[in-house]
Amino acid sequence: MNLEDVAQRAGVSTATVSRVLNNIGVVRDATRERVLKAVEELKYYPNMHARALAAGSNRTIGIIVSNLENPFFLDVFRSLEAEANRNGYEVLVANTDYQVDRLKASVRLMIGRRLGGLALVVSEMDEALLEELAERKVPTVVYDVGTPRESIISIKVNYRTAVQQIAEYLYGLGHRRFAFIGHHTTLGPLNDRRQTFVDVMENFAPQVEFRTVADLDGLAGGRSAVRQIYQSGFRPTAIVCVNDFMALGVLRQLKDLGLRVPDDVSVTGFDGLDLADVVSPALTTARLARDLIGHRIFESFTADAARLEEIRETLIQPELIVRESSGPVPVLTNVH
């Protein structure tokens, strides 16, 4: 089947079919419905790749993330996809599980599709890969990794200010025994949060004691990290988590140990997931605007040259959201 067959079945011109399929121009609702019905009946699938090559452009955007199981990455993808769909674009997604080799393979597969843009929302990065993207002039957005270049837009988060704000908030509540729970701490953006925590703790010395633990990203990783802390004999009154996803596992493991949050231990997260507001106790966290990240990614691929210069480097400021999971240091910590 081809475009002419669809046009004949719907009783319209091929130009009208093209406008409907590309979501451009003004088409009456009744006409649009006839075209879409004809497409379905004839099982017509337009060759998007061939169309992009003929037009010299592609209305497909690629996004590669570190862990789709973590709702943070899923939220960014959904925000980007919603905006892309409203504007007649499609989005391809790939997951790396924090592995550089998988990142490289996914990038090269997507480059082969001649995408209209590629977003790398990852914590792992190979500098040579960024050089390759720059040389090929692939419109690219990098999140938390790399620096802006001619064809590369950068979005970063002010982790240092946010982690410092969390630590100082807990210190102000009287906490003096801290633990930091993270994952993949050899990777730049994740190590930034851990190192900022360590720097703040060292500034508070000798009034504080602290430990850092790393495990896998996710609920199981949060639970495992808590077990490691308590098996070591250390008894924190405040636990700072690298993200909300791990913090949810931390809350569950503390409950299993018979510890109350925040009566015995205060817990904080990072990212501001919707889940953080509905768990019990609701999680204190540093909220990131995931919708803004998705919007800025899409804008980077569609903006004019003047706007691109304005947004070439975006710094996102997290917002501390205080909820039920944090409170004053306990007079006596209940240890089990």
- Query: Looking at this structure, is Ala225 farther than 19 Å from Pro318 by Cβ, surrounded by fewer than 19 Cβ atoms within 10 Å (Cβ to Cβ), at pLDDT 95 or above and among the hydrophobic types (A, V, I, L, M, F, W, C)?
  - Reply: no
Of (1) at pLDDT 85 or above; (2) open to solvent by less than 70 Å² (accessible area, probe 1.4 Å); (3) closer than 30 Å to Leu118 by Cα; (4) not small (Gly, Ala, Ser), Thr14 satisfies every one except (3)
Expected output for region 284-305 (first residue open to solvent by 10 Å² or more (accessible area, probe 1.4 Å), partner aromatic (Phe, Trp, Tyr) and assigned to a helix (DSSP H, G or I), Cβ below 8 Å, 6+ apart or cross-chain) is Arg290/Phe72
For Leu187, the lone unmet condition from (1) at pLDDT below 95; (2) of a type in the set (A, V, I, L, M, F, W, C); (3) more than 17 Å from the chain's Cα centre (by Cα) is (3)
Contact list, first residue from region 23-34 and in contact (Cβ under 8 Å) with a residue 12 or more places away in the chain, second anywhere and assigned to a loop (DSSP other than H, G, I, E, B) and surrounded by fewer than 16 Cβ atoms within 10 Å (Cβ to Cβ), beta-carbon distance below 6 Å, six or more apart or interchain, is Asn23/Gly88
Every listed condition ((1) at pLDDT below 95; (2) open to solvent by less than 20 Å² (accessible area, probe 1.4 Å)) holds for Leu216 save (2)
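Just name the residue that is surrounded by the fewest Cβ atoms within 10 Å (Cβ to Cβ) out of those in region 156-195 that are outside any helix (DSSP H, G or I) and hydrophobic (A, V, I, L, M, F, W, C). Show your work before the answer.
Step one: list which residues in region 156-195 are outside any helix (DSSP H, G or I), which gives 156-158, 173-187.
Cutting the leftovers down to hydrophobic (A, V, I, L, M, F, W, C) gives us 157, 173, 178-181, 187.
Numbers: Val157: 23, Leu173: 15, Phe178: 24, Ala179: 27, Phe180: 28, Ile181: 29, Leu187: 19.
Of everything passing the filter in region 156-195, Leu173 is surrounded by the fewest Cβ atoms within 10 Å (Cβ to Cβ).
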Reported set for region 219-252 where residues are within 18 Å of the chain's Cα centre (by Cα), not polar (S, T, N, Q) and not in a helix (DSSP H, G or I) is Cys241, Val242
Result of the Cβ filter at 8 Å on region 9-20, keeping first residues that are touching a residue at least 24 places away in the same chain (Cβ under 8 Å) and partners that are open to solvent by less than 60 Å² (accessible area, probe 1.4 Å), at least 6 apart or interchain, is Arg9/Ala38; Arg9/Leu42; Ala10/Thr16; Ala10/Val17; Ala10/Thr31; Ala10/Val35; Ala10/Ala38
Taking region 112-133 and keeping residues over 20 Å from Thr147 (Cβ atoms) and without any contact (Cβ under 8 Å) to a residue 40 or more places away in the chain leaves Gly112
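Within region 117-151, can you find the residues that are modelled with pLDDT of 90 or more, of a type outside the set (A, V, I, L, M, F, W, C) and part of a strand (DSSP E or B)?
Narrowing region 117-151 to residues modelled with pLDDT of 90 or more: 117-124, 139-143.
So of that shortlist, the ones also of a type outside the set (A, V, I, L, M, F, W, C) come out as 117, 123-124, 139-140, 143.
Across region 117-151, the qualifying residues are Gly117, Thr140, Tyr143.
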Flag for Val261 being open to solvent by less than 10 Å² (accessible area, probe 1.4 Å), in contact (Cβ under 8 Å) with a residue 24 or more places away in the chain and of a type in the set (A, V, I, L, M, F, W, C): no
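State yes or no: is Asp271 in contact (Cβ under 8 Å) with a residue 24 or more places away in the chain, crowded, with 16+ Cβ neighbours inside 10 Å and at positive phi?
Details: in contact (Cβ under 8 Å) with a residue 24 or more places away in the chain: yes; crowded, with 16+ Cβ neighbours inside 10 Å: yes; at positive phi: yes.
Against the criterion (in contact (Cβ under 8 Å) with a residue 24 or more places away in the chain, crowded, with 16+ Cβ neighbours inside 10 Å and at positive phi), Asp271 qualifies.
The values are calculated or read from the model by the stated rules, or taken from the named source; none is laboratory data. What you see is a predicted model; the values in this text were computed from it and never measured. Every residue, glycine among them, receives a Cβ derived from its backbone with ideal geometry; neighbour counts consider all protein chains shown. Note: areas computed on protein heavy atoms with side chains; ligands, DNA, RNA excluded. Shrake-Rupley method; radii C 1.70, N 1.55, O 1.52, S 1.80 Å.
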